[in-house]
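Okay, so here's the structure we're looking at.
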Amino acid sequence: MLDLGNRVSIYQPEQPGLKFPEEPAFNSPEEQRLDRKKRLVAACRAFAVHGLDYGFAGHLTIRDPERPELYWTNPMAVHFEQVALSNLILVDHEGTVIEGDYAVNRAGFVLHAAVHEEHPDILAMCHAHSLYGTAFASLGRPLEPITQDACAFFEDHAVIREDAGAVAVEDDAGPRIAKAFEGVKAAVHQNHGLFTASRHSIDSAAFWFIALERCCHQQLMVDASGHKPIQVPPESARYSREHVGSEYIGWLHFQPIYQQLAARSPEMFQ
Ligand SMILES: [Zn+2]
């Protein structure tokens with residue numbers, strides 16, 4: 001499940017003196033806020049790289065460190081590739097923009113706000129109308145543990161069938177959907193698309209979204225082959241999930257993505 005303590009793992013053996021990503025520490029809320037905003041920007045840019053855009057659909061959120069009832073998110077109708085520090089917006093539960101010059105996608109934000117409100121432990125969320133995720137969501141079933149990567153989501157994602165296919169503009173749709181996020185890091189909303197949530201970081205939420213989209217792609221490819229895939233047995237799938245599916249591992253996977261984007265597009269931090 002969502003194991004924040006699983007930091008010492010097979011991916012972090014004792015290798016004193018060698019370079020390895022370290023989780024940042026902060027001296028002030030301002031520093032932490034700037035770091036969260038930079039990582040949110042990088043997550044949006046990563047979504048562009050992975051082709052997860054669909055018009056203005058898609059939103060990523062991270063709580064403000066000092067005012068956790070407020071969320072930083074990407075501006076409406078700005079391409080993921082053009083999201084930068086300067087155009088992020090700070091939004092409240094009602095979808096009112098508190099800080100920033102751009103509008104918020106209210107229809108989409110209803111679900112994010114509801115999940116954040118229902119689950120105070122959830123720090124960050126991602127949602128997009130990605131190609132394979134939306135296609136897989138039409139099947140209304142969970143991912144099967146057919147690869148080591150898919151095992152990361154074994155018994156750690158929900159299939160939400162409520163309000164399937166209806167645009168969630170009404171305030172009452174959000175709370176019904178939010179309950180499904182209890183104790184899991186992802187959800188497949190039938191006839192709609194994918195959501196990921198993190199109790200750790202936007203890094204983790206973004207990486208698990210990219211991973212979930214890839215798993216949906218793999219599942220659809222295997223289904224289309226007409227062959228019956230061999231399933232990883234439940235015990236092994238659980239063991240794999242503990243080792244490759246934790247919040248820390250999601251965060252760690254995002255670090256090379258962050259470093260590459262920061263080197264390639266330094267203007268995103270302006
Ligand atoms: Zn949507």
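A short reminder: the numbers here are calculations on the coordinates, not readings from a lab. The structure presented is a predicted model; accordingly, all values stated were derived computationally and were not measured. Counting neighbours? That spans all protein chains shown, and the Cβs are built from the backbone with ideal geometry, glycine included.
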Estimated FRET transfer efficiency (Leu18, Asn87; beta-carbon r; R0 45 Å; 0.05): 0.75
Whether the chain is rounded, prolate or oblate, judged on the alpha carbon gyration tensor where a/c under 1.5 counts as rounded: oblate
Value of Rg/Rh across region 70-175 [Cα atoms, Kirkwood radius]: 0.99
For q = 0.13, 0.18 Å⁻¹, Debye-computed log10 I/I(0) when each Cα of region 224-270 counts as one equal scatterer: -0.57, -0.72
³J(HN,Hα), Karplus 6.51/-1.76/1.60, whole Hz, each residue of region 109-120, x for Gly, Pro: 5, 3, 5, 4, 4, 5, 5, 4, 5, 6, 10, x
Net length gained if the chain between Ser236 and Arg176 were fully extended (0.36 nm per residue, minus Cα distance): 18.3 nm
Peptides 54-62, 27-35, 106-114, 198-206 ordered by average Cβ neighbours within 10 Å, highest first: 198-206, 106-114, 54-62, 27-35
